[in-house]
Amino acid sequence: MRYFISIFLFSHFCFSQIPVSGILKNKANIEIPSATLQLMVDNKLIAYSTSDEAGFFEIAVSKNILAKYTLKITHVQYHTKIIEIANINAILLIVLDEKEVELKEIVIQSKLAVAKIKGDTLRYNLKALTTGNEEKLVEVLRKLPGIEVNEDGKIMSQGKVINDLLVNGKKMFGDNHKIATENINAEMLEGIDVLSNYENFAALKEIEGSNKTALNINIKKEFLGKITGTIDAYTAYLSRYQVNSNLFKFNEKINVSAVVNLNNTGFQPLSMKDYFSLNKSVRQELRNNDSSINSLKTSDIPVFLLSDDNVSTKANEFVAFDFAYQSTNKLSINGFSIFSRLRTTEISRTNKVFFDNSSTSNVLENIFSKNNLLYNQTKINIDYKQSTNNLVNYTLLFDPNVINASNTIGNNLNSTQNTIGESIDKINYKFGHQLSYISKIDKNKLLSFNLFQEFNKNQSDIGLDANYNLFNLNSNLTQNNVEKNNDYGFYSKLTIKKKQHLYKFSFGYIFENSNFNTGIALGDNRINFTSNYFTSDISFQKSEGKFNYKAKSEFRHYFLKFGDEKGENSFILPSFLFKYNFNQTHHLLVNYSKTVDVYSARNLNDNSFFESFRNLFANSNINYSTPITQHIYALNYFQFDLYNGIVIMLNSSYTVFGNRLSNNSVNAVDFIQIQQINTENQFAWNNSISYEHRISKIKNKFKVSFNYINSNFVNQINFVNNTQLTELFGIKTSLISIFKNEYFNYECGLNYRYQTNSLSFQGTKNKIIQLNPFLSFNGKINSQFSYFIDNSFEKFNTDNQSTDFFNLSFKVNYKAKKFKYWFEANNVLNIENAQVIKFISSNNFTSTEIIDRLAGYIGFGIGFNIK
């Protein structure tokens, strides 16, 4: 026993983490910032850092009494210095000798690092990365290496969406990043940090660590403790308008934000991704829970929300309120409530080709749609720390929404002109809450309990009126669908930490009940389906040091009940993760996981029901006890050179579906009969590679990204397998100037997208090519005048059609004390509606659509800054 203790103490002493720290000065006793420090063992680099503005540096290393440490310090204005470190516990004071420069009138500029690391925090050097012309947070974020703001407004770090957006350490607007990034003014920013291994409960982080990433926005002191923000109003040609107000009050204890936006210019304060997040399960809010979460039981996403600017008109009324309160170290409360109403009209002309066993039929279709979406999400999250070792967390989610759509369709089928009126009214309602308790029961043990309950109701009323008999029944049909899901359950987990390893044991029991009722002339559906299951898993992992890994195995046993039938099914769900850390900003990660899910009552209908004038769902051909399985293989590579601003990212995922929900489609001339079925042996392969390089000599940043998607899905047409192969290749390049407070900055580049769709049933192959070169300028004429000019050209090509248009937008700002005036033109060359081409391949048809795009506008605005 004594021998074992001695070995343990020796190994702990040899390999425990300890910082090498110190201060750099010159002979005049002046601190030296932006020096590069490389820590080596036996001439091999093991870690590096840079000195901050106070000359301070810190490098975390594993202490090894057998190693010989050497520190190399380099700086463009000083001679390189190499020292041996006899005592790594001491705070070093290192004096560098300045280089002698004999030539006159030569200025030597030190090259500032674009970011620095301290512990788990990556802090960006905003002075080195921004030009001073940025107006909003989103414009600053897009200039930070390793950070992306994707098309849906989500903030991504190292190729992955961040888990939390913080302002001065407090959460803001949950997963709805766009609300914050589009409204926080750039002048308010003191700094931006990426927090890896983020966790605000110290006991949990101490034992388990964290795989979460947070982005923290630091606000300047001059904007703290008072109401700040802007109020803007804009009016434009043809009755276009936008009114926007964003008000903030950031304090030590409380942050409060309020955003109001009313517009018909096409601006959408809430992105498509944010709407998806409104529909997420409350189970995703469970604290310290590793169990996989079912994904089939979500509300339908309204199609018109995905249309972006491919609409004839768009109007939005939006109100959002957010607060974060921390009275003491024990209690913190944060929450938000979002209300939005989106109204659109859509006009499209479509050529559809339907496939049958031995023939095809062409349909020319004109559609006019009026859509209305009214939605809300309210979320409240409470953390109560009874002590440093105990946390109680409660989350409440409330998400009601109403969808109204009115469609007028005219088509020509077999030389017959048809007209159809279609009305759809949906009311969706979701309420969920969870309670988590986490306790550090020993210095190396953590125990957690989770309870949750979630209720989801989706009601849909559909009315059809046509000049022919719909579905061979009647020219006028109505239908009412009601789907309900009521889920609840518990999880518990024990975590034990031994040295650098974690051992986790968990179990839980989940009750899942769903029912689907339909009342129409075709018959009544009353489907009840129960899919309760017991789950238990065991895992071990190592998250410290250069080589990390995790292995997990989950056992899941289902108790299924469909009507009077009962069944059981068991699954083993393994997962593995391997990660090698070259250093703190350079890693390679590979992982594998197997997931399983079961169906909802809506997938198991006994009788027919319709969802539109064209799609009639026949009785399901799904075996309720057959699971939906998928195997996911993923690779992630990330490298960030802090000194040169070089970022390399690679993400690849390959998903194999052992079983997948699909359809068998039968073309009945004026409608499609769809039967839900199981299909096997399908895959989806997604890849993205990006490279970013900050070229200091010419003060430019070069970015290039490649995307490749290859998917192979199977459906059936008249009970004959039809393999749908989709390939998509995309490339985006851009060159962005980073001139400092100059009259002129620019961004130029090219977006290219090539997509092919192949259907094995008829041996058809279609393609669409999108080409989008762009060039934009911005600058400051003086402290009062600034300008922005955007130029882009978009060209769409399909096998038999082509369309293109040129987008010219510009904005001129004038600032006078607290007021701002601007003249703005958006897509000014297309004041009348432009058109784009969209290609769709689905089930047993392909379609090429010519869609009206939102028209441009030109007008004048006035704003007021509150400071």
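Just so you know, all these numbers are worked out from the coordinates, no wet-lab data involved. The structure presented is a predicted model; accordingly, all values stated were derived computationally and were not measured. Ideal geometry is used to build each Cβ from the backbone, glycine not excepted, and the neighbour counts take in all protein chains shown.
Some notes on this structure:
- Lysine pairs meeting the criterion (Cα under 17 Å, 8 or more apart or interchain), as found in region 733-867: 14
- Seen through its C-alpha gyration tensor, with square-root eigenvalues sorted a ≥ b ≥ c, region 307-415 comes out prolate because a/c lies at 1.5 or above while a/b is bigger than b/c.
- Normalised by 2.2 N^0.38 Å, with N the number of residues, the alpha-carbon radius of gyration of region 801-842 equals 1.89.
- Ranked packing of 421-430, 546-555, 600-609, most packed first, by mean Cβ within 10 Å: 600-609, 421-430, 546-555
- Extended-chain gain in nm, criterion 0.36 nm per residue less alpha-carbon gap, Y237 and S760: 183.3 nm
- Within the shell of other residues whose beta carbon sits under 11 angstrom from the beta carbon of I858, the net charge comes to +1, with Lys and Arg scored +1 and Asp and Glu -1.
- Viscosity 0.890 mPa s, 25 °C: Kirkwood-radius Stokes-Einstein D of the chain over Cα pairs, µm²/s: 81
- Normalised Debye scattering of region 553-671 at q = 0.09, 0.17 Å⁻¹ gives log10 I(q)/I(0) of -0.48, -0.94, counting only Cα atoms as equal scatterers and leaving out solvent.
- Nearby lysines by direct alpha-carbon distance to K440 (threshold 19 angstrom, same-chain neighbours under 8 apart not counted): K205, K330, K385, K493, K497, K498, K499, K504
- Scoring 501-508, 178-185 by mean Cβ neighbours within 10 Å over their residues and listing the highest first yields 178-185, 501-508.
- With a simple spin-label model that places each label point 7 Å from the Cα along the Cα-to-Cβ direction, the separation between L262 and N782 comes to 3.7 nm.
- nm² value of the averaged projected area, convex hull over the Cα atoms of region 637-768: 12.2
- Label-to-label distance, nm, for residues given as I380 and N687 (7 Å Cα→Cβ offset): 5.0
- Listed pairs K212/K550; K443/K594; K249/K280 exceeding 27 Å between Cα atoms: K443/K594; K249/K280
- Normalised by 2.2 N^0.38 Å, where N counts its residues, the alpha-carbon radius of gyration of region 378-471 equals 2.06.
- Neighbours of E727, meaning other residues whose beta-carbon lies under 12 angstrom from its beta-carbon, give a summed charge of +3 when Lys and Arg score +1 and Asp and Glu score -1.
- Spacing of the two label points (7 Å from each Cα toward its C-beta) at I769 and F547, in nm: 4.9
- Taking a straight Cα-Cα cut-off under 14 Å and skipping sequence neighbours fewer than 8 places away in the same chain, the aspartates and glutamates within cross-link reach of K379 are D175, D274, E285, D322, D399, E454.
- Estimated FRET transfer efficiency (F702, L473; beta-carbon r; R0 45 Å; 0.05): 0.15
- The DSSP beta bridges internal to the chain are antiparallel in roughly 95% of cases.
- Rounded to the nearest 10 degrees, the angle from helix 2-15 to the longest Cα principal axis of the chain is 90 degrees.
- Protection proxy ranking for 212-219, 394-401, using the average of other Cβ atoms within 10 Å per residue and placing the highest first: 212-219, 394-401.
- Theoretical FRET efficiency, 1/(1+(r/R0)^6), r = Cβ-Cβ of A54 and L735, R0 35 Å, to 0.05: 0.50
- Within region 723-832, all pairs of alpha-carbon atoms sorted by distance into 10 Å bins from zero give the percentages 12, 29, 26, 17, 10, 4, 1.
- Placing R0 at 51 angstrom, the Cβ-Cβ distance between A202 and N791 gives a FRET efficiency of 0.50 after rounding to 0.05.
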